[in-house]
Amino acid sequence: MLSLNFPKEVTIIEVGPRDGLQNEKQFVETEIKKAYIQKLAAAGIKEMELTSFVSPKWVPQMKDAGEIVRSAPEGVRGMVLAPNRKGIERVLETSCKSIAVFVGVSNTFNQKNINKSPRESLEELKPAIAELKAQNYFVRACISTAFYCPYEGKVQEEDTLALCREFVEAGVDELSVADTIGMAAPHESYSLFSRLKDELPDVLLAAHFHDTRKMALANIYAALEAGVDRFDSSAGGLGGCPFAPGATGNVATEDVVYMLDRMGIETSINLDRLVDAIDTIAPAVSREISTGYYSLSKQG
Ligand code: HMG
Ligand code: MG
């Protein structure tokens, strides 16, 4: 018997073009990325992380961010990541109106990822968020290492909540709370997301699970129980942060959609078309795509 708390509809935020590709060592041709993004939109994806405005020296795969934004599909909220003022200024020169800033709860992770402490990042981003909101931008804050850090281990729930609270006070529209290295267990997912729902009820809340230990679907189920109705996922299960050792792919969009479909929860995403999008990117990536729904679809 399903819980009465489950939402009737869930929004999938597709992060494949950004999280899915950023860790690929071989540059994926811009035209292939564009075709992949168009096919994801054709599959019914309505919100997507398209790319990142980060240093091309740190993440060369994202060096074509400007061009990706220029060909963003109509009717999709295309978000782009920016880690600092410089990244935000670069986005302001484009037509993109949705920005995702990102900070880790853990100090060591944030230093390795952004070369700053979480506090330094936050103090740089807070006034920038106010300026973006004054110009009607949609602002998402991605909170990394919300459960575990690859360098420091267990992260305290109170610390994650405190960082989330500061971003909400700074005016963000959405929090995307991440299990960066796929180490959270369902009771931890339920606990953190219940508290976030309870204590920060006025912000959009998304859960972002990496599937390193194959616990992502269980964690999504627990987050659904806690009232979360927005999930980040990556078609084909691609993904991982170059500065988080041990972070394998994001939970696969097709597996999340299949599970939600079976539970009678609407996503508006067409699985056949999603497979078509994965077929477009599969030959361009180093990893063999072997996620559950995708593999079965190939067996006919
Ligand atoms: P830094 O070296 O400390 O930067 O890197 P800096 O401020 O000292 O500047 C050095 C040079 O970089 C300067 O250029 C700047 O202009 C340039 P130069 O004067 O030498 O010619 N620069 C930039 N160029 C382009 N775009 C920018 C930018 N900023 C400075 N935005 C920096 C600091 C933040 C730039 C670097 O650490 C960086 O790019 N980090 C990004 C790391 C990243 O992309 N990680 C993956 C995304 S996060 C993630 O995957 C987690 C998530 O999925 C959730 C989860 O799962 O946890 C979201
Ligand atoms: Mg991620």
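The values are calculated or read from the model by the stated rules, or taken from the named source; none is laboratory data. Because the structure is a prediction, the values reported are computed rather than measured. Positions of Cβ are backbone-derived with ideal geometry, glycine not excepted, and every protein chain shown enters the neighbour counts. Protein only, heavy atoms only, side chains kept; ligands, DNA and RNA dropped before computing areas. Shrake-Rupley method; radii C 1.70, N 1.55, O 1.52, S 1.80 Å.
For residue 228, enumerate residues with amide H under 5 Å from its amide H, sequence gap 5+ or separate chain, H modeled in the peptide plane.
none
Give me the one-decimal nm value for the distance between modelled label points at residue 46 and residue 225, 7 Å along each residue's Cα-to-Cβ direction.
Label at residue 46, label at residue 225, 2.8 nm between them.
Along its three principal axes, how long is the chain when you only count alpha carbons? Whole Å, largest extent first please.
Largest first, the chain extends 53, 46, 36 Å along its Cα principal axes.
What is the sum of charges around residue 264, taking Lys and Arg as +1, Asp and Glu as -1, for the other residues whose C-beta is under 13 Å from the C-beta of residue 264?
Surrounding charge for residue 264 is -1.
Residue 154: which lysines have alpha carbons under 28 Å from its alpha carbon, excluding same-chain residues fewer than 8 sequence positions away?
Within the straight-line cut-off, residue 154 pairs with 112, 116, 126, 197, 214.
Return the calculated 222 nm mean residue ellipticity for the chain, to the nearest 500 deg cm²/dmol, obtained by summing -39500 (n - 2.57) across DSSP H runs with n ≥ 4 and dividing by the residue count.
-12000 deg cm²/dmol
If you roll a 1.4 angstrom probe over the protein chains with everything in place, what fraction of the accessible area of region 11-298 belongs to carbon and sulfur, to the nearest %?
Solvent-exposed carbon and sulfur of region 11-298 make up 49 percent of the total.
In terms of Cα to Cα distance under 25 Å, which lysines are near enough to residue 33, apart from those fewer than 8 places away along the same chain?
25, 46, 57, 63, 86, 97, 298
Considering only DSSP beta bridges where both residues belong to the chain, give the percentage that are antiparallel (nearest 5).
Taking every DSSP beta bridge with both residues in the chain, the antiparallel ones total about 10 percent.
Using the heavy atoms of the protein chains alone and a 1.4 angstrom probe, what is the accessible area of the chain per residue in square angstrom?
Each residue of the chain exposes 42 Å² on average to a 1.4 Å probe.
Could you give the DSSP H helices of the chain that reach 15 angstrom or more along their long axis (alpha carbon positions) and whose average Kyte-Doolittle hydropathy is no lower than 0.0?
TM-like helix candidates: 271-281.
So which aspartates and glutamates pass the test for residue 133, namely a Cα distance under 17 Å, with those fewer than 8 places away in the same chain ruled out?
Excluding near neighbours in sequence, the set is 89, 93, 123, 124, 166, 169, 173, 174, 202.
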